[in-house]
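Working notes for the structure below.
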Amino acid sequence: MTAVPATADQPRLAPTVSRQLLLDSGYVLLGFPLALASFVVLVVGTALGVGLVVTVIGLPVLAGTLYAARTFADIERLRLPTVLHQPRVRPRYRATEPGASAWRRILVPIGDPQSWLDLAHGIVKLAVSTATFVVTVSWWAGAIGGLLYWTYDWALPRGEGDTDAAELLGLGDSTLARVGLYTAAGIFFLITLPIVVRGCALLQARFGRAMLTGVAEMRDRITALEEQKRAAVSAEAAALRRLERDIHDGPQQRLVRLAMDLSRARQQLASDPDAAGRTLDEAVAQTRDTLAELRALSRGIAPPILVDRGLPSALAALAGRGLIPIELRIDSGLGTPDGRLDPAVESTAYFVVAEALTNVAKHSRATECHVSVSRSDRRLIVSVGDDGQGGAHVAKGHGLAGIADRVRAAGGELMVVSPPGGPTEIRADLPL
């Protein structure tokens, strides 16, 4: 399924009532001839294909009918955004392998469930389109005919014994009574016209969306959730491996040496107190270094300042420890108690910035760096850029792969722009 959403920086503007009325009316009125054409083509093609299925000709005819249904479905998908104000969506159809035989190409659309949904939509749509077309035309006719009744009342033929609606309602048979009644009816139709036409357009459009994209959207959503789950497992496993390696290479080795120093100092106490004192001083230094490494590891897991004071304070502390100048820009609303984000989102954003700054310090040869965090349209945008040598990418085995897995696990997207020679920008788009 492919979609072209509106960007956060350029939100989709809602049309005015009059413009939306014209769009909805055009959608419904054009939908009826399209539905009639698709009904005739698809019913004839299906009947012919099923009737000839016992022969060699039946399957190609049926496959051609499914391709015709796909064409009508694509036309409808192009028309849906004008009513639903949602990105255009087209499901992925089954494709034939390169070099497949002619019969294989014929059988592919027959085995595709979405092709049969397109066929069902093209046939059933006529009933929905007929109902919405009749209601829309009736409301437009009532509004226009009622408001302009005074211009053609004199031309309507009336014979003896004819009874007008105004006379049946007890308003009399005068011209003023008729004009007043039908003008009032026209005003009623005009006031309710946008609501009624909008309802007809939504009924027809939502029926089309359910048949043409609903199943595909659900299937792709399941796939996306599975990918998020795999990314979360991968990110967690990588974090655990990194933590295990860091503990093994750092605090664990220092603790082993500390134990050895304390054992040596105990042996030296009786024979060489001065040497024992020096050994104990080294042990104290090892203890301080071990505590410093453990604090650094704990900051990588869940720094207390992030939990206690939020993302802006945690990022400020992170930028303050940077080896190169770091410019930090954060939306002011994120620093207030009401602006606190979900803990999982804050943790992911902090991880992105921390890992990106680590990569900048190790590999970029940059002289300056900038970090920005902004909130827009239920999204959190985290950007880290530098003026280094570039060449960063998210391939497995590189530092950015872990960031990409963590962002995907949170349902977001990571973008890396890093041409050779720089500059580099790492941008994470996280849903709130």
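Of all residues in region 42-76, how many are surrounded by fewer than 17 Cβ atoms within 10 Å (Cβ to Cβ) and not polar (S, T, N, Q)? Summing the residues that are surrounded by fewer than 17 Cβ atoms within 10 Å (Cβ to Cβ) and not polar (S, T, N, Q) in region 42-76 gives 18. Taking the condition of being in contact (Cβ under 8 Å) with a residue 60 or more places away in the chain, surrounded by 17 or more Cβ atoms within 10 Å (Cβ to Cβ) and of a type outside the set (S, T, N, Q), how many residues in region 415-432 meet it? Selection size over region 415-432: 3.
Yes/no per residue for (1) modelled with pLDDT under 70; (2) under 18 Å from Thr358 (Cα atoms):
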{"position": "Gln268", "(1), (2)": "no, no"}
{"position": "Ala285", "(1), (2)": "no, no"}
{"position": "Leu297", "(1), (2)": "yes, yes"}
{"position": "Gly300", "(1), (2)": "yes, yes"}
{"position": "Pro303", "(1), (2)": "yes, yes"}
{"position": "Ala316", "(1), (2)": "no, yes"}
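So that you can scan it fast, the table gives a plain yes or no per residue for (1) surrounded by 14 or more Cβ atoms within 10 Å (Cβ to Cβ); (2) among the polar types (S, T, N, Q); (3) under 28 Å from Leu202 (Cβ atoms):
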residue: Tyr93; (1), (2), (3): yes, no, yes
residue: Pro98; (1), (2), (3): no, no, no
residue: Arg104; (1), (2), (3): no, no, no
residue: Val108; (1), (2), (3): yes, no, no
residue: Asp118; (1), (2), (3): yes, no, yes
residue: Lys125; (1), (2), (3): yes, no, yes
residue: Phe133; (1), (2), (3): yes, no, yes
residue: Ser138; (1), (2), (3): no, yes, yes
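Of the helices (runs of 4 or more DSSP H) lying entirely inside region 65-154, the ones with 1 or more residues being in the same structural domain as Ile191 (by TED's automatic domain parsing) and within 35 Å of the chain's Cα centre (by Cα) are found at 81-84, 102-110, 113-147.
The values are calculated or read from the model by the stated rules, or taken from the named source; none is laboratory data. Keep in mind the model is a prediction, meaning the values are calculated, not measured. Neighbour counts are summed over all protein chains in view; Cβ atoms, including those assigned to glycine, are modelled from backbone coordinates with ideal geometry.
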